[in-house]
Amino acid sequence: MKYRVNKNITSHSSRTNNSWLFAPSSLILANYHLPLNGALYATMNQPMRIILVLLSVLTLSSCVTSAVLIGCGATAVSMPSNDPVKFSATLNLKTATGIVTDSIAYTCKVKERKCLGGDWRIVWEEQNIPAFNVKLNNNYHASITSPSCRLSSNMVKSDSYGYTEIITVFDSSKNEQVYRATAKNTDLQKYNFVSLSVKVE
């Protein structure tokens with residue numbers, strides 16, 4: 001007499017004892033943790049069900065937070081320093097009669113460090129940075145906005161990183177403002193302005 005053996009094929013039957021070592025954590029969670037929670041959930045009263053749901057949410061939240069920190073590299077080596085950073089910015093301004101320069105030095109303070117998108121970001125404290133002051137000709141001089149701390153940190157990495165420079169033109173004899181515009185405004189040419197560039201180190 002022949003006997004027929006019925007085998008119950010499950011999602012685990014084709015795996016070896018060690019195959020789970022290389023399985024993604026999401027598969028392990030789906031195959032073990034979630035079915036177990038479902039079975040327990042059906043036999044619990046309402047207060048216990050609420051507690052189980054809260055514990056599950058907290059567990060998953062902890063996994064997500066850990067993944068983000070691992071992506072940023074939560075170590076003293078990978079985390080950016082929170083020490084103040086000293087910058088030096090140099091303005092080169094071209095006029096119709098020549099080139100004039102001005103330099104300023106300033107210190108930027110770190111407000112906080114954030115892990116965003118798996119990478120560290122520095123949030124700088126808001127502060128007033130001195131403006132550039134240059135002579136355009138014998139009749140006019142100009143005050144030009146300097147880059148912020150955030151822009152300065154980017155400009156150190158890339159010389160091509162630009163910002164919107166606001167130029168305020170003054171009548172030198174009266175020290176009164178006569179014009180205000182961005183550096184790209186062609187109307188500035190009547191005050192002897194041609195172009196400018198700023199480098200931060």
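Just so it is clear, none of the values below were taken in a lab; they were calculated from the coordinates. All values reported here derive from a predicted model rather than from experimental measurement. When we count neighbours, we look across all protein chains shown, and the Cβ atoms used for this are built from the backbone with ideal geometry, even at glycine.
Before moving on, here are some points about what is shown:
- Residue-span extension gain [residue 182 to residue 103] - 0.36 nm each, minus C-alpha spacing: 26.5 nm
- Within the same chain, aspartates and glutamates fewer than 8 places from residue 111 are excluded, and of the rest, those with a Cα less than 13 Å from its Cα are 83, 125, 126.
- Label-point gap, in nm, between residue 137 and residue 157 - each point 7 angstrom along Cα→Cβ: 4.2
- Normalised by the number of residues in segment 85-200, the mean separation of alpha-carbon contacts (under 8 Å, six or more apart) gives a relative contact order of 28 percent.
- Shape call, segment 86-144: gyration tensor on alpha carbons, a/c limit 1.5: prolate
- All lysines inside 30 Å of residue 190 as judged from Cα atoms, apart from same-chain residues fewer than 8 positions distant: 94, 135, 174, 199
- Length added when fully stretched, residue 194-residue 175, from 0.36 nm per residue minus Cα-Cα: 4.7 nm
- Annotation for segment 177-198 versus segment 137-157: alpha-carbon center distance of 13 Å.
- Residues 79, 155 arranged by fewest to most Cβ contacts within 10 Å: 79, 155
- Percent antiparallel among DSSP beta bridges (both partners in segment 85-200, rounded to 5): 100
- Calculated diffusion of segment 85-200, Stokes-Einstein form, Kirkwood radius summed over Cα pairs, 4 °C and 1.567 mPa s, µm²/s: 84
- Candidate aspartates and glutamates for bridging to residue 184, where Cα separation is under 20 Å - those fewer than 8 sequence places away on the same chain excluded: 102, 159, 165
- 3J(HN,Hα) from dihedral phi, segment 100-106, Karplus parametrisation 6.51/-1.76/1.60, rounded to Hz, x for glycine, proline: 10, 10, 8, 10, 9, 10, 8
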